[in-house]
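The values are calculated or read from the model by the stated rules, or taken from the named source; none is laboratory data. All values derive from a computational prediction rather than experimental measurement. Heads up, the Cβs are rebuilt from the backbone with ideal geometry, glycines too, and the neighbour counts pull from every protein chain shown. To get the accessible areas, we keep the full protein, side chains included, count just its heavy atoms, and leave off ligands, DNA and RNA. Shrake-Rupley method; radii C 1.70, N 1.55, O 1.52, S 1.80 Å.
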Amino acid sequence: MDKRRGDKRLGNRQLGQSFWPDLGNLLSAVKRAMWITLLNLFRKPVTVHYPTVKRVYPDRFRGVLALTYDKETAEENCIGCRLCEFICPPQVIKVEMLKAEKRNFAKTFTLELYACEFCELCVQVCPTDAIIMMKSFDLATGDRRELLLDKDRLHTIGLQFEPSWATGTSLRGMQTPPKAPAAEAPADAKAEVKAE
Ligand code: SF4
Ligand code: SF4
């Protein structure tokens with residue numbers, strides 16, 4: 001009983017002793033925070049009033065995915081080969097091929113953008129540059145259903161935003177190792193050719 005009373009008195013005394021230093025620390029922290037707030041009042045803001053004001057995206061920015069049309073024939077570029085579907089790590093692409101006489105098409109094409117990892121593998125494997133990334137991320141929404149993109153929506157996005165520089169052809173071109181220079185013929189062989 002005595003021990004418990006003693007501990008309680010000790011606790012009260014420690015509480016009382018640390019009150020003023022704690023109050024001092026608190027006031028000093030508030031002062032520092034208010035000073036930083038005051039400084040920031042006069043700083044140029046780093047944020048913009050999106051979506052009224054839009055930032056200029058960097059040249060290499062790659063955002064939402066879209067499907068493209070052929071600029072000359074105005075036909076859909078997608079041939080429904082399903083390579084993008086097979087390569088996609090989270091399996092968010094589903095394609096149905098429509099076989100036709102001259103070429104094939106995508107009968108249906110869906111992309112669950114809400115689960116996309118933006119890894120760009122689908123773009124890299126596309127043989128016809130039909131799926132590309134755009135220089136935009138402006139599909140922000142509170143409703144996930146709006147990010148389940150069908151073929152028409154993907155084509156609309158392709159017309160709505162500026163395409164990024166990266167297409168399957170350009171990306172594959174970057175990854176192809178440079179050709180080794182042709183091997184020099186041995187000096188003896190050159191001399192023989194000259195003598196002939
Ligand atoms: S960017 Fe990657 S995760 Fe997104 S659809 Fe293409 S392959 Fe799939
Ligand atoms: S987007 Fe490209 S890779 Fe995907 S099905 Fe169409 S043609 Fe094939």
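Observations
- Test: residue in region 95-114 that is without any contact (Cβ under 8 Å) to a residue 24 or more places away in the chain and open to solvent by less than 40 Å² (accessible area, probe 1.4 Å): yes
- Each residue in region 161-174 was checked for being open to solvent by 90 Å² or more (accessible area, probe 1.4 Å) and touching a residue at least 24 places away in the same chain (Cβ under 8 Å), and 1 pass.
- Meets criteria (of a type in the set (Ser, Thr, Tyr), touching a residue at least 40 places away in the same chain (Cβ under 8 Å) and open to solvent by less than 60 Å² (accessible area, probe 1.4 Å)) for Thr141: no
- Qualifying residues in region 77-94 (those that are open to solvent by 40 Å² or more (accessible area, probe 1.4 Å) and charged (D, E, K, R)) - the one nearest to ligand 2 (Cβ to nearest atom): Arg82
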